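Comments concern the structure below.
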Amino acid sequence: MKKLMILAFALLAGVFTANAQISIGANSGGVLGGDTNKNATFAPGYFGELQVRYIMNNGTYASFAPRFESSSYKSKATSPDTFYYYTNSMEFPIHFGLTRPAGDNINFFFDLGPSMRWVMTNDWYGPVYGVNLGDKIHPKDLGYNKLFNCDLGVTVGLEVWNHMKLFAGFDYGLLPENTKAFYENFEVDPTHSFSVRLGVGYFFTFKKRH
């Protein structure tokens, strides 16, 4: 672990001391979110983010993109119980990636990395695993919902005309979605959250430093 941390800091130092470009932009689009419960059915949501990229001369880059995400899904866990789940979260991904030319005024890009996720609201409607907790409940108030989690994400896309981008992303929760008390109370297997994003963005790039 110590060697990995030293290597990570060395890479960061290399990125931020080399001649580079700074790219700043905004992205938004649709998201399909849910968890790994085998009975879950998913519903669309949306996201918006600001992104800063530090791009080196060889096309590799580091990016930071604070993101607001709202998603929902329906889960039929134990027939005939069905509950609806709505969540809003702020995510703070730090990704490392690369860009490569893919044609005239078109670049391909790919990046991946970790993200810290803060669950702002997390509401369920209806009976939950055979227990009716009310028409609207807040699992975080019951000690069932984790307010913070860590995701691993990947993004692929195209940059067009040096200002527009089209992309798809996938994020997977590395830790169980709920607290130990939730899984013990309802006797279900731990689940992990995930989301699929399709988006568009606009960005501009500063000239190289000398």
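The values are calculated or read from the model by the stated rules, or taken from the named source; none is laboratory data. The model shown is predicted, which means the values in this text are computed figures rather than measured ones. Heads up, the Cβs are rebuilt from the backbone with ideal geometry, glycines too, and the neighbour counts pull from every protein chain shown.
Surrounded by 17 or more Cβ atoms within 10 Å (Cβ to Cβ) and at pLDDT 90 or above - does that describe any residue in the range 81-89? Scanning the range 81-89 turns up at least one residue that is surrounded by 17 or more Cβ atoms within 10 Å (Cβ to Cβ) and at pLDDT 90 or above.
For beta carbons closer than 7 Å, sequence separation of 6+ or different chains, a first residue in the range 173-189 that is part of a helix (DSSP H, G or I) and a second that is of a type outside the set (A, V, I, L, M, F, W, C) and modelled with pLDDT of 80 or more, the qualifying pairs are 183/190. If you go through the range 161-172 and keep only what is surrounded by 15 or more Cβ atoms within 10 Å (Cβ to Cβ), of a type in the set (A, V, I, L, M, F, W, C) and touching a residue at least 40 places away in the same chain (Cβ under 8 Å), you end up with just 167. One residue stands out among those in the range 33-59 that are among the aliphatic types (A, V, I, L, M) and at pLDDT 95 or above: the one that is farthest from residue 176 (Cα to Cα), which is 52. When the range 156-201 is limited to residues that are within 19 Å of the chain's Cα centre (by Cα) and among the aromatic types (Phe, Trp, Tyr), the one that is nearest to residue 106 (Cα to Cα) turns out to be 167.
Considered as a group, the residues in the range 121-158 that are modelled with pLDDT of 75 or more and in a loop (DSSP other than H, G, I, E, B) include one that is surrounded by the fewest Cβ atoms within 10 Å (Cβ to Cβ), and that residue is 147. Among the residues of the range 28-59, those that are of a type in the set (A, V, I, L, M, F, W, C) and either under 17 Å from residue 90 (Cα atoms) or not in a strand (DSSP E or B) (or both) comprise 31, 32, 47, 50, 52. Considering (1) of a type in the set (A, V, I, L, M, F, W, C); (2) at pLDDT 95 or above; (3) out of contact with any helix residue (DSSP H, G or I) (no Cβ under 9 Å at 6 or more places or on another chain), the lone condition that residue 118 does not fulfil carries the number (2). Sub-7 Å Cβ pairs linking a first residue in the range 190-208 that is among the polar types (S, T, N, Q) to a second residue that is at pLDDT below 90 and outside any strand (DSSP E or B), at least 6 apart or interchain, are 191/36; 191/37; 191/177; 193/177, ordered by first then second residue. In the range 60-80, the residue that is modelled with the lowest pLDDT out of those that are part of a strand (DSSP E or B) and small (Gly, Ala, Ser) is 77.
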